[in-house]
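Take a look at the structure below.
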């Protein structure tokens with residue numbers, strides 16, 4: 001069974017913990033448990049979770065402090081709150097925070113909880129993909145600023161180095177963008193084998209991308225004698241493998 005990600009369950013009800021962890025593990029999720037807010041916060045800071053399921057009444061979670069602290073220690077991780085003692089006060093507190101769902105025990109795991117989990121995890125995967133692309137673009141921008149400074153020099157040697165660096169930076173980001181695109185396809189394309197990443201470049205909607213890759217490979221091949229860069233040669237091979245993958 002595929003690993004769907006790791007979920008943290010913060011609850012001090014051992015019976016509930018046993019039942020929910022058994023259920024989620026059977027569905028393909030990894031599960032960690034914490035009996036109080038302090039241990040939950042520690043685990044959130046040290047591990048990569050796709051979701052937190054927390055009881056409103058666990059020790060240390062007064063006024064939902066654990067959820068407030070998550071904004072700093074585990075940014076973006078979605079939260080499902082559960083409670084056996086629902087109240088207007090806790091419901092209002094939950095509305096004020098980025099909570100995916102507020103559920104009352106006993107839970108219907110199959111029809112109620114699992115639906116919210118699937119939605120929360122998908123949204124978080126999209127969030128992480130967007131954040132990754134944003135960081136990649138920022139890194140690309142910073143690299144280009146450095147190359148721009150090199151280009152200002154009159155030295156032909158420096159100009160050749162800066163052009164080599166520009167090409168390498170650009171193609172590395174092309175590979176990174178393709179990787180991000182494949183990840184999004186895997187995440188949101190469903191379970192059908194027709195949506196597997198290896199079919200991405202054969203998709204009619206991405207024919208322009210395939211043409212662009214082919215032209216890039218051709219340029220790299222023609223210019224390899226002018227720019228004697230081992231890294232550029234490796235990038236060309238990676239692009240070729242992406243373009244010809246079945």
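A few comments on the model shown:
- For region 65-98 and region 119-145, distance of Cα centres in Å: 25
- Between residue 14 and residue 145, the modelled label-to-label distance comes to 5.6 nm, taking each label 7 Å out from Cα in the direction of the beta carbon.
- With only the Cα atoms considered, region 1-130 has a convex hull volume of 99 Å³ per residue.
- As a proxy for reagent exposure, ranking 85, 128 by other Cβ atoms within 10 Å from fewest up yields 85, 128.
- From least to most packed, judged by other beta carbons within 10 angstrom and beginning with the fewest, 56, 62 follow the order 62, 56.
- Per-residue Cβ neighbour rank within 10 angstrom, fewest leading, 118, 141: 141, 118
- For the Cα trace of region 10-85, dividing Rg by the Kirkwood Rh returns an Rg/Rh value of 0.93.
Bear in mind these aren't lab numbers, they're just calculated from the coordinates by the rules spelled out. Everything numeric in this text was worked out from a predicted model, so none of it was measured. For neighbour counting, all protein chains shown are included, and Cβ atoms are generated from backbone atoms with ideal geometry for every residue, glycine included.
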